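All remarks here apply to the structure that follows.
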Amino acid sequence: MFMAQNRSAPAATPLWGLVLAAGDGRRLQDYIRQTRGADLPKQFVSFTGDLSMLEQTYRRAERLIRPEQILTIVGKHHLQHGAVTRQLAGRDPDTIIAQPQNKETGPGIILPLMHLYKRSPDAIVAVFPSDHYIFEEDRFMDHVALAARAVAHDPSRIVLLAIEAQGP
């Protein structure tokens, strides 16, 4: 689900991002342990270049949303890893939400939305999973901006950006 600020949005529109980074990445756990020598979930690992998947997500989201309006959801247990705390060190502590335990995507969105509602009840929100590799970032963010305009025009809308399924 993506709804986000666009470059031409009215200044009064409260635009926020949620970066989901609380997953445990179990499917790639053995691979990461063997190749990186670390027990990190995939969103905290760099697979292409110097930036982790989380850092790439920040870079994308910050094209449209101010850093102080991007909330990051992590698992409380992730904070014991030095790599995780280093990647979060530049973020405002008020934008980091630590889930007590991983309850999957639905609760991973609801918890930060509750926090966000207290700060900005009229916010338009873009949800960014931090474990997605996006090749055409500019094109993707143009679609996020278009979704934001649609939601700003009709706040009752929810816009989901996805690719057409090729199988079950």
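The values are calculated or read from the model by the stated rules, or taken from the named source; none is laboratory data. None of the values given here were measured: they were computed from a predicted structure. Here the Cβ is made from the backbone with ideal geometry for all residues, glycine too, and neighbour counts use every protein chain on show. Just the protein is used for accessible areas: all its heavy atoms, side chains included, with ligands, DNA and RNA removed. Shrake-Rupley method; radii C 1.70, N 1.55, O 1.52, S 1.80 Å.
In deg cm²/dmol, rounded to 500, what helix-only [θ] at 222 nm does the chain give when every DSSP H run of at least 4 residues adds -39500 (n - 2.57) and the total is split over its residues?
Working: 5 runs with 56 residues, N = 168.
Helices in the chain give a 222 nm mean residue ellipticity of -10000 deg cm²/dmol.
Relative to the present Cα-Cα distance, how much length would full extension add between His153 and Ile134 at 0.36 nm per residue of separation?
Gain on extension, His153 to Ile134, equals 4.1 nm.
At what distance in nm do the modelled label points of Gln34 and Glu68 sit from each other, each positioned 7 Å from its Cα along Cα→Cβ?
According to this spin-label approximation, the distance is 4.7 nm.
Taking the full set of protein chains and a 1.4 angstrom probe, give the accessible area of Arg33 in square angstrom, rounded to the nearest 10.
For Arg33, the solvent-accessible surface is approximately 100 Å².
Give the average over all directions of the projected area of the C-alpha convex hull of the chain, one decimal, in nm². Don't skip to the answer; put the middle values down first.
On the way: hull surface 42.2 nm².
Spelled out: convex hull of the Cα atoms, projected over all directions, averaged, 10.5 nm².
With all protein chains present and a 1.4 Å probe, how do His81, His143, His153 order by accessible area, largest first? Display every interim value, and only then the final one.
On the way: His81 45, His143 85, His153 160 Å².
The residues order as His153, His143, His81, largest area first.
About the Cα centre of region 123-168, what is the dipole size in debye to 20, counting +1 per Lys and Arg Cβ and -1 per Asp and Glu Cβ, all else neutral? Provide the component values of the computation, followed by the final result.
Values: 3 positive and 7 negative charges, 47 e Å.
About 220 debye.
Tally up the carbon and sulfur contribution to the accessible surface of the chain as a whole percent, 1.4 Å probe, everything protein left in place.
Whole-percent figure for carbon plus sulfur exposure: 53.
Which of Met114, Met53, Met141 ends up with the largest GNM mean-square fluctuation for the chain, with Cα atoms connected below 10 Å?
Looking only at Met114, Met53, Met141, the largest GNM fluctuation is found for Met114.
Taking 8 Å as the Cα distance limit and 6 or more residues as the minimum spacing, I'd like the relative contact order of region 38-113 as a percentage. Intermediate results must be reported in sequence, preceding the final value.
On the way: 62 pairs, mean separation 20.8, N = 76.
Answer for region 38-113 is 27 percent.
Considering only protein heavy atoms, with the full assembly of protein chains and a 1.4 angstrom probe, order Phe135, Phe47, Phe140, Phe128 by accessible area, largest first.
On the way: Phe135 165, Phe47 75, Phe140 40, Phe128 5 Å².
I get Phe135, Phe47, Phe140, Phe128, largest accessible area first.
Residue by residue through region 64-81, what is 3J(HN,Hα) from phi via Karplus (6.51 cos²θ - 1.76 cosθ + 1.60, θ = phi - 60°)? Round to whole Hz and write x for glycine and proline.
Each residue's phi maps through the Karplus curve to give 10, 10, 5, x, 6, 10, 10, 8, 10, 10, 10, x, 3, 5, 5, 5, 7, 8 Hz.
Return the whole-Å distance between the Cα centroid of region 10-56 and the Cα centroid of region 82-157.
Each part's Cα centre sits 13 Å from the other's.
Say each of Tyr117 and Asp50 gets a label point 7 Å from the Cα, pointing the same way as Cα to Cβ; how far apart are those two points in nm?
Roughly 4.1 nm, to one decimal.
Evaluate the distance, in nm, between pseudo-label points positioned 7 Å from the Cα of Thr105 and of Glu164 along their respective Cα→Cβ axes.
With each label point 7 Å from Cα toward Cβ, the separation is 2.1 nm.
Highest mean first, what order results for 89-95, 161-167 on Cβ atoms within 10 Å?
Values: 89-95: 11.6, 161-167: 6.4.
Result, highest mean first: 89-95, 161-167.
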